[in-house]
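Read the figures in this text as sums done on the coordinates, not as results from a lab. Remember, it's a predicted structure, so these values are computed and weren't measured experimentally. Methodologically, a virtual Cβ is constructed for each residue, glycine included, from the backbone with ideal geometry; neighbour enumeration extends over all protein chains shown.
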Amino acid sequence: MAVVTLENICKSYVAGEERAVDDVSLTIQDGEFMVLLGPSGCGKSTTLRMIAGLESITSGTLSIDDEPMNAVPAKNRDIAMVFQSYALYPHMTVRDNLGFGLKRRKIPKAEVAKRVEAVAQSIGLSDYLERKPHALSGGQRQRVALGRAIVRDPKVFLFDEPLSNLDAALRVSTRAELVRLHRELSATMIYVTHDQVEAMTMGDRVCIMSKGEVAQVGTPMDVYLNPASTFVASFLGNPPMNLLPCVADETGVNVAGRHWTGNTNNSSPGTDLVFGIRPEDLVHLESEDGANISGEILSVEPLGAETLIYVQTQADDQPLIVREGRATTAKLGQTIHLACKPGMVRLFDAQTGLALTPPTGETP
Amino acid sequence: MRTTGLATPADQHRVSSRLRNLALIIGLALYTMYAAGPFAWVALMSLRTTTEIAADPYALPWPMHWDKFLSAWVDSNYDVYFLNSVTIVLSAVAILTVVGGMAAHCFARYTFRFKGLLYFLIFSTIIFPPQVTVIGLFQILVEYGLFNNRLGLVLVYVSIQMPITIYILEAFFARIPNDLFDAARMDGYSEWEIFWKISFPVALPAISTTIILNTILLWNEFLYAVVLISDDDKRTLPLGVLRFMGDQLEDVGMLATGLMIAIVPVVLIYIFFSERLIQGMTAGAVK
């Protein structure tokens with residue numbers, strides 16, 4: 001049982017200089033799989049290391065189960081961490097690596113041996129217990145690192161980009177294994193990654209960070225469908241959400257020389273807004289009738305399962321991206337007419353980049 | 001079709017690589033003779049008497065005078081010198097390894113006030129030749145009652161070898177990834193335990209290097225020993241050799257015997273640690 005609470009957590013390495021982590025408040029529920037997602041340098045790893053106790057907290061309160069942890073050293077927090085580099089002790093066998101943390105806790109030798117064997121069994125490394133890390137493959141090392149965390153049966157698991165050193169195939173299978181592990185242990189897990197696929201597939205909730213601040217917290221689908229800002233909209237999704245400058249009028253917005261009718265959350269006519277639409281929410285129309293956006297096709301990328309169409313609009317230098325099925329009629333140089341799927345348009349304030357709340361919906 | 005000569009390019013290649021190997025082996029053999037020649041000569045002389053050597057310096061030792069080793073050991077006080085050398089060098093190397101290791105760990109791992117200055121102070125001592133510092137050291141040791149004292153010599157040895165020890169170990173410790181220490185912290189270990197359970201064993205190749213280096217240098221050390229020790233029963237082996245060097249006459253035969261007694265432990269230590277020494281020197285070169 002462990003609820004991790006961060007209240008107004010800040011971190012600055014040099015007093016008075018820019019904060020690496022700025023006023024982060026977040027509650028991770030018991031048994032929850034929380035993913036901290038963001039580009040490199042956004043402060044997600046620093047946040048994780050502060051939870052671990054490897055980094056001091058400049059201001060704010062960190063508590064686990066309502067107990068303040070700011071002054072508690074890492075070794076007394078009952079937290080296990082899996083590092084990106086695995087950080088296996090090179091001079092110890094797999095058995096000693098797994099048992100190292102238990103030995104320190106004065107657990108009887110027989111008990112240590114029993115738990116090490118059990119964990120080795122569950123991660124499929126029973127036959128490798130006497131090997132040293134340099135004699136293991138990357139995937140096996142990763143599993144030892146995982147086993148070293150599991151064997152301690154900690155309150156909270158922390159993961160710092162644990163899959164980034166694995167090759168693509170192994171990454172997919174390990175991802176599934178981690179999800180299974182979370183289900184089995186039903187432990188509180190905090191997972192740092194810059195890979196949005198990991199975040200979308202593994203997290204119960206995702207916390208997206210930018211420049212040391214929390215940009216948005218929510219379930220993966222929620223943050224994908226209702227991004228709180230243009231940053232989240234353009235960070236999540238591959239390709240990301242299309243963002244076009246637009247101007248509000250009485251009934252909707254003028255975008256790319258055409259009109260889209262919908263709720264602008266009472267923006268006064270003439271206000272600059274940003275028009276957001278996911279590539280898969282644009283419908284390719286046969287004729288101009290009912291089109292919200294039109295433009296010239298710059299390139300067509302058939303990816304097998306789907307086709308990406310790059311469209312030059314009047315609105316922006318940045319091409320608009322449309323995701324279509326395999327059987328598309330789009331041809332290079334053609335003019336394409338596009339309609340937005342109902343309910344899928346998101347509008348953002350052009351100045352602050354924040355979404356107009358409540359999530360914008362079309363007028364019937 | 002030609003029947004003579006080298007049939008295929010592969011054959012030609014094999015022959016040329018054999019020739020190259022042969023040249024290399026000859027070269028190495030010549031160098032080994034050049035480098036090991038004096039050593040072998042002293043080894044041969046150690047089994048001959050001075051009279052025999054005077055008659056024919058390069059003759060083979062026949063008959064072999066093994067009794068010379070016994071007489072050096074028993075009659076010429078070599079048992080005492082040997083014991084002194086072992087105690088002094090072992091103590092100095094032990095202190096150097098532990099204290100130097102800890103200092104290197106701190107320099108490599110932590111940031112603290114005056115770190116740069118401290119590092120500079122330690123290393124600036126390297127630039128003074130021993131002839132400069134020995135007079136000052138003599139004064140200090142006399143002042144503290146450590147002149148003509150084995151403990152005094154141990155302390156001097158520790159201080160002269162400390163900078164290079166820290167230098168070698170610091171470079172190695174700095175290469176150990178930080179995550180390893182963080183992992184040990186998460187596993188519940190204190191900084192002190194981390195040094196002994198992680199830093200020290202992981203850096204064993206580098207530590208072996210410093211052990212060999214310090215042992216060999218201090219085992220053969222002469223200048224400080226001759227200045228700072230005056231009693232015969234506190235002398236180390238390099239001073240023992242002096243016994244056979246008179247003003248007028250040198251007992252070359254016994255000198256060679258004494259040298260052999262002094263060399264054997266160094267050779268043994270080298271053989272024991274050399275595998276690790278090579279690891280230490282090449283560590284990090286290949287990943």
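List of remarks:
- Looking only at region A:105-115, and only at residues there that are in a helix (DSSP H, G or I) and free of Cβ contacts under 8 Å to residues at least 12 places away in the same chain, the one that is surrounded by the fewest Cβ atoms within 10 Å (Cβ to Cβ): A:Ala110
- Scanning region A:137-163 for residues that are farther than 15 Å from A:Tyr191 by Cβ and part of a helix (DSSP H, G or I) returns A:Gly138, A:Gly139, A:Gln140, A:Arg141, A:Arg143, A:Val144, A:Gly147, A:Arg148.
- One residue stands out among those in region B:220-271 that are assigned to a loop (DSSP other than H, G, I, E, B) and of a type in the set (S, T, N, Q): the one that is farthest from the chain's Cα centre (by Cα), which is B:Gln248.
- Looking only at residues of region B:50-70 that are in a helix (DSSP H, G or I) and within 17 Å of B:Val264 (Cβ to Cβ), we find that the one that is nearest to the chain's Cα centre (by Cα) is B:Phe69.
- Among the conditions (1) exposed (fewer than 15 other Cβ atoms within 10 Å of the Cβ); (2) away from chain B (no Cβ under 14 Å), A:Val14 misses just one, which is (2).
- Unique match (being farther than 23 Å from B:Tyr110 by Cβ, within 14 Å of chain B (Cβ to nearest Cβ) and of a type in the set (Ser, Thr, Tyr)) among A:Thr27, A:Thr61, A:Thr93: A:Thr93
- Test result for A:Thr329, touching a Ser or Thr at 6+ places or on another chain (Cβ under 8 Å) and β-branched (Val, Ile, Thr): no
- Verdict on A:Thr47 being more than 8 Å from chain B (Cβ to nearest Cβ), among the hydroxyl-bearing types (Ser, Thr, Tyr) and crowded, with 20+ Cβ neighbours inside 10 Å: yes
For (1) among the acidic types (Asp, Glu); (2) surrounded by fewer than 22 Cβ atoms within 10 Å (Cβ to Cβ), each residue gets a yes or a no:
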position	(1), (2)
B:Gly188	no, yes
B:Ile216	no, yes
B:Glu221	yes, no
B:Ile229	no, yes
B:Gly240	no, no
B:Leu255	no, yes
B:Val264	no, yes
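- Residues that are hydroxyl-bearing (Ser, Thr, Tyr) and not in a loop (DSSP other than H, G, I, E, B), drawn from region A:206-225: A:Ser210, A:Tyr224
- Within region A:116-157, considering residues that are within 14 Å of another protein chain (Cβ to nearest Cβ) and without any contact (Cβ under 8 Å) to a residue 40 or more places away in the chain, the one farthest from A:Thr93 (Cα to Cα): A:Asp153
- So B:Glu191, is it among the acidic types (Asp, Glu) and within 30 Å of A:Tyr89 (Cβ to Cβ): yes
- Number of residues in region B:72-122 that are in a helix (DSSP H, G or I), closer than 22 Å to B:Ala43 by Cβ and in contact (Cβ under 8 Å) with a residue 24 or more places away in the chain equals 7.
- Answer residue from region A:67-85, given it is over 16 Å from A:Leu48 (Cβ atoms) and either in contact with a helix residue (DSSP H, G or I) (Cβ under 9 Å, 6 or more places away or on another chain) or buried (at least 21 other Cβ atoms within 10 Å of the Cβ) (or both) and is farthest from the other protein chains (Cβ to nearest Cβ) among those: A:Pro73
- Of the strands (runs of 3 or more DSSP E) contained entirely in region A:226-277, those carrying at least 3 residues that are crowded, with 23+ Cβ neighbours inside 10 Å fall at A:272-277.
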